[in-house]
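> Please find one structure pasted underneath; my questions will follow.
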Amino acid sequence: MDNQTRVKPPAASPFFSLFRSQTGYLILVIITVTIIATIMNPRFLSARNIFNIMQQISVLGILTMCMALLMISGNLDISIGNMAGLVGMLFTRMVLTGRSQGIAVITVMILSTALGLINGLIISKSKTTPLIITLGMSYVYYGIALIISNGRPQSLGGEFEFLGRAKIGPVPITIIIYILVFILAYLFRKYSTYGRRVNAIGGNKEAAFLSGINVDSHIISLYGISGMVTGLAGLVLISRLGMVRADSGSNYALQALAAAIIGGITFEGGRGSLVGAFLGVLLLGIMYNAMNIIGVSSYMQTIFLGSVIVIATVISNIGKLKKQ
Amino acid sequence: MALDQFCFELSPGEVHCLIGENGAGKSTFIKILSGVYSPDSGELIIENKRYERLTTQLARGMGIYTVYQDDVLVPQISVAENIYLGSKDMKKKIFMNYRTVYENAETLARHYGIALDVKELYGNLNPADQQFTKILKALAQSPRILVLDEPTQVFNVTETDIILNIVRKVSETGTGVVYIAHDLDEIIRVASRITILRDGKKVAAYDGVIEELDSSILAKDMVGRPVELFYKKKKHNIGEIGLEVKNLMLGSTSTPIDFSVRKGEILGIAGLKGSGRSAIARAIFGAINRYSGQILYDGIDITPKNPIEAVGHGLAYLTEDKKADGLFLSMPVYQNITIVGLSSFHRFLIKMKSERDISNDYIGRMNIKTADPNQEVQYLSGGNQQKVVIAKWLFKNAKILIVDEPTHGIDVNAKTEVYDLFTELAAEGKSIIMISSEMPEIISMSDRVIVIRKCEISRELSGDEITEYNILAGYLGGTNS
C-alpha cells in the first residue's frame, strides 16, 4: 500500500556526512584542484591571484544566484545572459549619447526588472515551460542589442570604471558586490517568509496552491527580482570590460545553469543550497584560472569544463540512484 | 488481506456483476484475472485448464480483456488508432493502412450502436466518448471474457443505456462479462448473476432471481461488520451553525447542493470514489470553478474565489492524496508544519527560534514520530505524514476543516490517533467535514452524514439513522425507504 516508509540513511559522523552532500564533494574537489594547481605553479595561491579569480567569476556568480533561486522555485531563466548583455549595451549607448551615468543606471535597472517581470508573467499566466519561453526571450534581447548597437561593438571609452575596477582597500568592489548579493540571497532564502514560500512552490506547486499561497504572484515577483539583479550583473559586466557587444552576455546563462547544477541544485526544485551554488561558481572559476596558469590550451579548457559539468551532474544523482 | 477464500464462476454468455464498497476486493480480483497480480494461493480454471497464476500476456492470449476505471489512452492520436494500438493484427505490421483502420473502427462502433467520429483525436473527446473508446478497444479484440470496472461512472442515463446494450450484445455472442458497478438499477437490468464482496470475502450471491432484488436486500448483505472496527467517540456538545453551503452547483446541469455544519460538529460525507465528493470539497475551497453557490460562515458570505481567500476565512482542506498535493516532500517536517501560518511570525521574516519551538510543540503534542524536526517529511510513515498535514492547518488556526479520506493508507494505531485528534478539535468548537468511503469511520465519527451519489446528496442521516445499511442504500440509489 502507500504507507511505506522510506528508510532514512543511518546517521554518520559529521566528517563522513560531509561527503554525503554535494557541498561536501565540492569542497573536496576545490581543495584538490587548489593543491594540484599550487604544486604546478605556486603563484596560484597568491592573494593577487585569488582576488583575480573572484573578480573573474563575479558576473557569473551574481547571475548564478538568480538562476539558483529560480531553480529552487521550480523555474528557470535562460535569458539572463543576454538580458545582462542588453543592459550593458543600453547603458553604453545612453552614456555615449550624452545621458548622465546616474540616469542610465536607473533606467537600465528599471528595464531589467521589467523584463524579468514580463518573463514571470508570461510563464505563470500561460502555464508554459520556462525553458522555451526564456530561450525565446533571450533571442529577443540579443536582437534588440544588435539593433541599438547596429551590430558594432560599443566602447565606453574609459568611463564608468567604478564598479569593475575600483577597490576598497585591497578588495575590488566587484568582489564586494558579488559577496553581498550572495549573502542577501542566502538570508532571503533562509529567513524570509517569501523565500520559504518560493521554496515550497518549487517543492509542490499544487500543495502550495491548496495551502493558500499565491503561487503566481510569488513566481512573477521572483522573476522580477532576478531581472533586477541581472541588471546589476550587466552593469558590473560593462564596467569590467569597458566595452560591450550584443553577445557579451550570451554564454552566461548556460554557465550559471551549469554552476547551479554543479552546486547540487536540481531542475525539480524545492531544495538546494545557495552555498552549493556559490561553490559551484568558485569551482568553475578556479578550474579556468588553474588551467590558464598551468598553460592548458583554451581548446582543451572547453572540453575539460564540459566534462566537469557532466561528471558533477552524474555525482549529484548518485544518491537518488542508490535509493531506487 | 485483499481477498480471502474467494470463489468466482463465469459461464459463457453470462453477465456476472460484482458489488462491494471501495476496498472490498473487487479490483484485486479483476487484476488477478487479468494477470496483473498473482494470488498467494488458489487456482484459476479457464476452459478446463488449470493455472496457478496468469500473466498479462497469458490473459490476453486467452481473450481476457479488462477495461479499467483509470485506463489511459493516447490523447494525441485518433480514436481509431487508439482502438487498434497494440492489437494482435497491428503488431505484425510495419506500416499502418489508415484507411483500413478507420473503416474497421467505424464498423465496430456502428455494430455496437455508438455514434463516434473515429478520426477525432482521443484527447478532444468528452469523458463519455473516451469511455466508449476504451470499451471499443477491448471489443476490437473479440474478447472471450470482458471485464468492465465501473464503466458507467461518467455517464448520464442515455449513455448508460448504450453501455448496457453493448454488454447484452457481447454476451449474446458467448462472451462472459464481469461487470463491476454501484448502481442498483443498472445491475438489475444487466446481470444474470450477482456476487457481493465485503472485506475480501464473498458474502452473498444471487442467481436467476435478479428482478426481485431491491437496494434494501443488497444493502443488508453488505452490512455486518465486527464491532471492533468501530471507534468509540466521546460525546460533546455541539454549538450553533458555522459553515453553510448554499445552492452549490459544479456544472450548469448538476443538482444544487445545500448543507450546513455546526460548530463542534463532525459532518460525514459518505461517497464512493468518483461520486463527486472531492470535487465538492474543492469547489467549497475555491480550488476549482463553481457554476454557482454561496459559502457562509456565521451567516456572513465568505464564498472564496480561490484557496488564498478560503484559507484567509479559516477554511482548511486536507486532500485525499497528501503526497501529491498536501505535503512538501523535499522540505523538513518543521517547515511543513509552519508553511501555511508563516506570516504569524512576522509579515516578512521568519523567527527561527520560535518556529523551532512551535513545531517541536506540535511534534510532541500530536505524537509525530520523526527522528529530527529537520528530517524531510517524505521519510515519515503515512500516519505521521497525515499528522503533519493536520498540524499545518492547526498552526494556521483553521476553524473549518475539510478532510478528504483522512485515514486512507495509514495503520490502525495512527487511525485511532487521528480520530482522537478530530474529536478533540470538534470539542474545541471547530467544524469538521469528513469525506470518507470507509464505512466504520463515517459511522463512528460523524454526528450527521450526507451520502453523495453522482454529485448529488442522495440521503441525509443523523443519530440512529447513521447505519451501514442506510449509507449503502444511499450509494446504490434506487427507491428511498
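> Rounded to a whole number, what is D in µm²/s for the range B:15-227 from Stokes-Einstein with the Kirkwood radius over alpha-carbon pairs (25 °C, 0.890 mPa s)?
134 µm²/s
> Calculate how steeply helix B:127-139 sits against the longest principal axis of the alpha-carbon atoms of chain B, using the helix alpha-carbon long axis, and give the answer as 0 to 90 degrees to the nearest 10.
Once rounded, the angle reads 40 degrees.
> Something else about it: Hey, in the GNM for chain A with a 10 angstrom Cα cutoff, which one of A:Y194, A:Y141, A:Y288 fluctuates hardest?
A:Y194
> Then there's this: So what's the gap between the Cα centers of the range B:405-481 and the range B:258-295, to the nearest angstrom?
Between the Cα centre of the range B:405-481 and that of the range B:258-295, the gap is 13 Å.
> Would you please classify the overall shape of the range B:302-349 from the alpha carbon gyration tensor, given that a ≥ b ≥ c denote the square roots of the eigenvalues, rounded means a/c under 1.5, and beyond that prolate means a/b larger than b/c while oblate covers the rest?
Details: a/c = 2.76, a/b = 1.11, b/c = 2.49.
Oblate, because a/c is 1.5 or more while a/b does not exceed b/c.
> Over chain B, give the accessible area per residue in Å² for a 1.4 Å probe, as an integer.
Accessible area per residue, chain B: 45 Å².
> Using alpha carbons only, how many angstrom separate the centre of the range A:116-185 from the centre of the range B:98-122?
The range A:116-185 and the range B:98-122 have Cα centres spaced 56 Å from each other.
> What number, rounded to the nearest 500 deg cm²/dmol, is the helix-based mean residue ellipticity at 222 nm of the protein assembly as shown, given -39500 (n - 2.57) per DSSP H run of at least four residues and division by all its residues?
On the way: 32 runs with 407 residues, N = 805.
One gets -16000 deg cm²/dmol as the mean residue ellipticity at 222 nm.
> Something else now. How would you rank B:142-150, B:51-59, highest first, on the average number of other Cβ atoms within 10 Å across their residues? Mind showing how you got there, number by number?
On the way: B:142-150: 20.8, B:51-59: 14.7.
With the highest mean Cβ count within 10 Å placed first, the list reads B:142-150, B:51-59.
> Comparing A:V296, A:V275, A:V308, which has the greatest mean-square fluctuation in the GNM of chain A with Cα pairs linked when under 10 Å apart?
A:V296
> Give me the base-10 log of I(q)/I(0) for the range A:38-92 at each q in 0.14 Å⁻¹, Debye formula, one uniform scatterer per Cα, rounded to two decimals.
For the range A:38-92 at q = 0.14 Å⁻¹, log10 I(q)/I(0) is -0.58.
> How high is the FRET efficiency from A:L254 to A:S100, r the C-beta distance, R0 45 Å, rounded to 0.05? Display every interim value, and only then the final one.
Working: r = 35 Å, r/R0 = 0.77.
Efficiency for this residue pair is about 0.85.
> Any chance you could give the angle, 0 to 90 degrees and rounded to 10, that helix B:352-365 forms with the longest Cα principal axis of chain B?
70 degrees
> How long are the three semi-axes of the equivalent ellipsoid for chain A, computed from the Cα gyration tensor as the root of 5 times each eigenvalue, in whole Å, largest first? Present the calculation step by step, with values, prior to reporting the outcome.
Working: eigenvalues 209, 154, 55 Å².
Taking √(5λ) for each Cα gyration eigenvalue gives 32, 28, 17 Å.
> Determine the principal axes of the Cα atoms in the range A:182-324, then give the extent along each, sorted from largest to smallest and rounded to whole angstroms.
Sorted largest first, the three principal extents are 55, 44, 25 Å.
> Further, regarding this structure: Taking every alpha carbon pair in the range B:28-90, what does the distance histogram look like in 10 angstrom bins from 0, in percent?
Spelled out bin by bin, the range B:28-90 gives 19, 44, 26, 11, 1 percent.
> Say we join alpha carbon atoms closer than 10 Å with springs in a Gaussian network model of chain A; which of A:Q56, A:Q301, A:Q255 then has the biggest fluctuation?
With Cα springs under 10 Å in chain A, the top fluctuation among A:Q56, A:Q301, A:Q255 is at A:Q301.
> Considering only protein heavy atoms and a probe of 1.4 Å, how much of the accessible area of the protein assembly as shown is carbon and sulfur, as a whole percent? Could the numbers behind the result be given before it?
Values: 20980 of 36620 Å².
On the protein assembly as shown, the fraction of accessible area on carbon and sulfur atoms equals 57 percent.
> Which whole number gives the average count of other chain Cβ atoms within 10 Å of the Cβ atoms across peptide A:52-65?
Values: counts 0, 0, 0, 0, 0, 0, 0, 0, 0, 0, 0, 0, 0, 0.
Per-residue shielding by partner chains comes out at 0.
> Once you have the Kirkwood Rh of the range B:269-409 from its Cα pairs, apply Stokes-Einstein at 4 °C and 1.567 mPa s and quote D in µm²/s. The partial results should precede the final answer.
Working: Rh = 16.0 Å.
This corresponds to a translational diffusion coefficient of 81 µm²/s.
> Could you tell me the extents of the range B:161-259's C-alpha atoms along the three principal axes, largest first, rounded to whole Å?
Taking the Cα atoms of the range B:161-259, the three principal extents are 61, 44, 23 Å.
> Now for a separate question. For the range B:15-227, what is the percent of antiparallel DSSP beta bridges, rounded to the nearest 5?
On the way: 10 of 27 bridges.
Restricted to the range B:15-227, the bridges split so that about 35 percent are antiparallel.
> Going down the list A:K127/B:K454; B:K369/B:K396; B:K234/B:K392; B:K137/B:K454; B:K169/B:K454, which pairs span over 29 Å between their C-alpha atoms?
Working: A:K127/B:K454 31 Å; B:K369/B:K396 21 Å; B:K234/B:K392 25 Å; B:K137/B:K454 26 Å; B:K169/B:K454 27 Å.
The pairs that break the limit, which is 29 Å between Cα atoms, are A:K127/B:K454.
> Using a 10 Å cut-off around each Cβ of peptide B:320-330, what is the average number of partner chain Cβ atoms that fall inside?
On the way: counts 0, 2, 2, 3, 3, 8, 5, 4, 12, 6, 11.
Partner-chain Cβ atoms within 10 Å, mean over residues of B:320-330: 5.
> Also, quick follow-up: Nearest 5 is fine: what % of DSSP beta bridges in the protein assembly as shown come out antiparallel, could you say? Walk me through the numbers on the way to the answer.
Details: 34 of 69 bridges.
Looking only at bridges with both residues in the protein assembly as shown, the antiparallel portion is about 50 percent.
> Answer rounded, prolate or oblate for the range B:215-317, using the Cα gyration tensor with square roots of eigenvalues a ≥ b ≥ c: rounded when a/c is under 1.5, else prolate when a/b is larger than b/c, else oblate.
On the way: a/c = 2.33, a/b = 1.41, b/c = 1.65.
Oblate, because a/c is 1.5 or more while a/b does not exceed b/c.
> Here's something else I'd like to know. Could you work out the mean count of beta carbons from other protein chains within 10 Å of each residue's beta carbon in B:341-353?
3
> Going by a 1.4 Å probe on protein heavy atoms, which residues of the range A:185-205 end up with at least 10 Å² less accessible surface in the whole assembly than in their chain alone?
In the range A:185-205, residues shielded by partner chains: A:K190, A:Y191, A:S192, A:T193, A:R196, A:R197, A:N199, A:A200, A:G203, A:N204.
> On to the next question. Going by average Cβ density within 10 Å per residue, which order do the peptides A:127-134, B:163-170, B:14-21 take, highest to lowest? Walk me through the numbers on the way to the answer.
Working: A:127-134: 15.6, B:163-170: 18.6, B:14-21: 23.1.
Ranking the peptides A:127-134, B:163-170, B:14-21 by packing returns B:14-21, B:163-170, A:127-134.
> Using the Cα centre of the protein assembly as shown as the reference point, and only Cβ charges (+1 on K/R, -1 on D/E), how large is the resulting charge dipole? Debye, rounded to the nearest 20. Present the calculation step by step, with values, prior to reporting the outcome.
On the way: 78 positive and 70 negative charges, 738 e Å.
The calculation lands at about 3540 debye.
> For a test of the definition: using alpha carbon positions, the gyration tensor, and the 1.5 limit on a/c, classify the range A:106-177 as rounded, prolate or oblate.
oblate
> Additional query: Please work out the Kirkwood hydrodynamic radius for the range B:230-476, using every pair of different C-alpha atoms, and report it in angstroms with one decimal place. Please list the in-between numbers first.
Working: mean 1/r = 0.0543 Å⁻¹.
After inverting the pairwise mean of 1/r, the radius is 18.4 Å.
> How would you order A:102-110, A:221-229 from highest to lowest mean count of nearby Cβ atoms within 10 Å? It would help to have the intermediate numbers written out before the result.
Working: A:102-110: 15.8, A:221-229: 23.9.
The peptides rank, most packed first, as A:221-229, A:102-110.
> Could you compute the FRET efficiency for A:K125 and A:I147, with r as their C-beta to C-beta distance and R0 at 25 Å, rounded to 0.05? Intermediate results must be reported in sequence, preceding the final value.
Values: r = 27 Å, r/R0 = 1.10.
Efficiency, rounded to the nearest 0.05: 0.35.
> Further, regarding this structure: What's the buried accessible area, both sides, between B and A using a 1.4 Å probe, rounded to 100 Å²?
Working: alone 22950 and 16580 Å², together 36620 Å².
Summing both sides, the interface buries roughly 2900 Å².
> What number in nm² do you get for chain B if you take the convex hull of its Cα atoms and divide its surface by four? Please list the in-between numbers first.
Working: hull surface 102.5 nm².
If you wrap the Cα atoms of chain B in a convex hull and average its projections, you get 25.6 nm².
> Among DSSP beta bridges whose residues both lie in the range B:230-476, state the antiparallel percentage, nearest 5.
Details: 19 of 37 bridges.
Within the range B:230-476, antiparallel bridges account for around 50 percent of the total.
> Quick one: if the Förster radius is 51 Å, what FRET efficiency do B:N397 and B:N126 give, using the C-beta to C-beta distance and rounding to 0.05?
Details: r = 42 Å, r/R0 = 0.83.
Computed FRET efficiency for B:N397 and B:N126: 0.75.
> While we're here: Quick one: helix B:157-172 against the long Cα principal axis of chain B, what's the angle to the nearest 10°, folded into 0 to 90?
40 degrees
> Could you state the number of Å between the C-alpha centres of the range B:319-378 and the range B:58-94?
For the range B:58-94 versus the range B:319-378, the Cα centre distance is 46 Å.
> A follow-up question, please. Got a number for the accessible area of B:F132? Probe 1.4 Å, square angstrom, nearest 10.
For B:F132, the solvent-accessible surface is approximately 10 Å².
> A further question follows. Compute the Kirkwood hydrodynamic radius of the protein assembly as shown, taking the inverse of the mean of 1/r over all pairs of distinct Cα atoms, and give it in Å to one decimal.
Details: mean 1/r = 0.0325 Å⁻¹.
After inverting the mean inverse Cα-Cα distance, the result is 30.7 Å.
The values are calculated or read from the model by the stated rules, or taken from the named source; none is laboratory data. Every value quoted in this text rests on a predicted model; they were computed, and no experiment measured them. No Cβ is skipped: glycine too gets one built from the backbone with ideal geometry, and neighbour counts run over all protein chains shown. Keep in mind that these areas ignore ligands, DNA and RNA; they rest on the heavy atoms of the full protein, side chains included. Shrake-Rupley method; radii C 1.70, N 1.55, O 1.52, S 1.80 Å.
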